[in-house]
1. Residues in the stretch 328-350: is at least one outside any helix (DSSP H, G or I), open to solvent by 20 Å² or more (accessible area, probe 1.4 Å), in contact (Cβ under 8 Å) with a residue 40 or more places away in the chain and out of contact with any helix residue (DSSP H, G or I) (no Cβ under 6 Å at 6 or more places or on another chain)?
2. Which ones in the stretch 60-103 are closer than 19 Å to Tyr168 by Cβ and under 22 Å from the mean Cα position of the chain (by Cα)?
3. Determine which member of the set Ala92, Ala70, Ala50 is part of a helix (DSSP H, G or I), without any contact (Cβ under 8 Å) to a residue 40 or more places away in the chain and either in contact with a strand residue (DSSP E or B) (Cβ under 6 Å, 6 or more places away or on another chain) or surrounded by fewer than 23 Cβ atoms within 10 Å (Cβ to Cβ) (or both).
4. Any residue in the stretch 268-296 that is open to solvent by 30 Å² or more (accessible area, probe 1.4 Å) sitting within a Cβ distance under 8 Å of a residue that is not in a helix (DSSP H, G or I) and not small (Gly, Ala, Ser)? List the pairs, counting only those 6 or more apart or interchain.
5. I'm trying to understand the selection: among the residues of the stretch 183-213, which are open to solvent by 40 Å² or more (accessible area, probe 1.4 Å), more than 18 Å from the chain's Cα centre (by Cα) and modelled with pLDDT under 85?
6. Collect the residues in the stretch 19-33 that are among the hydrophobic types (A, V, I, L, M, F, W, C) and either crowded, with 24+ Cβ neighbours inside 10 Å or part of a helix (DSSP H, G or I) (or both), keeping them in residue-number order.
7. Among the residues of the stretch 129-143, are any closer than 19 Å to Glu55 by Cβ and surrounded by 19 or more Cβ atoms within 10 Å (Cβ to Cβ)?
8. State all residues of the stretch 95-119 that are open to solvent by 10 Å² or more (accessible area, probe 1.4 Å) and not in a loop (DSSP other than H, G, I, E, B); if no residue qualifies, say none.
Amino acid sequence: METDAMVATQRALCGLIFAVEEAQDRPGTLVASLPFGGMTLLEYQIRLLAGIGAEQVLVAVGKVTPQFLAAIERAGRGQLKVDIVRSAEEAAEKVLRDADVLVLADGLVTIDPVMERMAAEPHAALLVTDDAESPAAIERLDMRHCWAGIARIETRHLAHIASMPEDYDFQSALLRVAAQSGALQVPLAPGWARAGHAVERSGEGLATRNDAVLAALSDRRTLWADRWVFSRAARFVLPQMMARNIPDWAPLAAGGVVSVAALLTVLSGWEGIGAVVALLATLGFATAASHAALRGEEPRARTIELAVVALFVLLLVAIGWREFRVLGTGTSLLLAGGGVVLQLLAERVPVQRRRWWANAAAQMLLVTPFTLAGHATLGLAAVTLYGLGTLTAAIEALRGKA
C-alpha cells in the first residue's frame, strides 16, 4: 500500500511567481523584468521551476509592462506552460487540478539545490530563516522565524484565499494561510545564502546576486582545472559580457575561431604560443558553458564542454606532428596518441571524479609550460603519464564500487 509521501511525490507540480513590485532604482520597471543571468529575473525563475519538473507556471502580476510581456513571450517558447494571473481567484481557476504549487516570492534569487530541496517535500512547507537581517528574510512568521521566499502549498490554499475579501495582499495572505495550515518549516542553509539566495529589489542588487550565483555554479565543478582556473575566469568574463549585452553565442564562436588560430600557430612552429592561445579558446568555451548552465540549458552546456575535449585532442595531435617534423622520430606521435587515448578512456569510466584527476582542460594546462620552454615532447610525456595515473585511479575506484 502506498504511503502518503509516495502519493504526494506523484502529484503534478506547478509554479507560482509573484511579479508585482517595482525596482527601487528603476521606477516603472518591475523587478521581475530586470536583467539577471543573461535573461530577466522572471525567465531565470521560470527556468528554475522547469528544472525541478514543474508542468505549469502562473505569474501573479499587478500591472504589465512591455519588458515584462517580452519576458513572458520568451519564457513561453519552451515546453512549459506560462499563464498570467491577477488574483488568487484567477490562479485557483487556472492551476492544474490536484497539483502542488511551489511559490516564489517577488524578487527572489535562488539556486537549483534550494529548489530541489523544496520540491522534494511531500507536504506543505515554508523555507525560513532565523536571521531577521538576512537578505532572504521577507516577512515574519513568528517571534523567531521569517519567510525566506519559497513555499510549497496545496491548491486548496489558493481556493481559500480566493474566498477572502479583495483588499488582501495576495503573497502575504498565501503565506499566512500556509503557515496556519501547519506547513513544515525548512531552515535556509548557510551555504544556500552564501550561494546567492536572497530577495532583491534593485538592478544593482541583482547584479551582485548574479556574481554569487555564478560562483555557486563554478563551485559545483569538481576537477581542479575547471574549478580554480577556467570557471573562475569565466566568472569574471560572464558578468562583463552580460553588462555589454554581448549575445550568448559570442564566447562559443570566439572559442571556435581562437581554436583554429591556436592549431595553425602550433603547426607553424610556435608550439608554446599556440598552446597559450588554446587556453584562451578554452576560456571562451568555459564561459559559453557557464552561461548555458546559468540559463538551465544543461544539455547545451555538456555539448559545449565536448568542444574542449576536441580542442585537446587536436592540440596534442598538432604538437606531436610538429615535433615529428622537427625531430624526425615517431616518439612524439606515439606520446600524443597515447595521451589522447588514455585521457578519453579515463573520462569514460563511470565513477565520481576526484579533484586531482586529469581532464582535457587540465591536460592543456600541463603541456603549455613545456611547450613554452621548448620541450614539447617532454610535455607530451607528462600528459601521457597524467592520463595513465587518472585512468588507473578511476579503474581502482570502479573496482571499489563493485
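1. yes
2. Passing the criteria: only Val103.
3. Ala70
4. Sorted first by the residue in the stretch 268-296, then by its partner, the pairs are Arg295/Met39; Arg295/Asp248.
5. Glu204 - this is the single residue of the stretch 183-213 that is open to solvent by 40 Å² or more (accessible area, probe 1.4 Å), more than 18 Å from the chain's Cα centre (by Cα) and modelled with pLDDT under 85.
6. Ala19, Leu30, Val31, Ala32 - these are the residues of the stretch 19-33 that are among the hydrophobic types (A, V, I, L, M, F, W, C) and either crowded, with 24+ Cβ neighbours inside 10 Å or part of a helix (DSSP H, G or I) (or both).
7. No, there is no match, as no residue in the stretch 129-143 is closer than 19 Å to Glu55 by Cβ and surrounded by 19 or more Cβ atoms within 10 Å (Cβ to Cβ).
8. Asp112, Pro113, Glu116, Arg117, Ala119, listed by residue number.
The values are calculated or read from the model by the stated rules, or taken from the named source; none is laboratory data. None of the values given here were measured: they were computed from a predicted structure. Quick reminder, even Gly has a Cβ in these numbers, built from the backbone with ideal geometry, and neighbours come from all protein chains shown. SASA here: full protein model, heavy atoms, side chains in, ligands and nucleic acids out. Shrake-Rupley method; radii C 1.70, N 1.55, O 1.52, S 1.80 Å.
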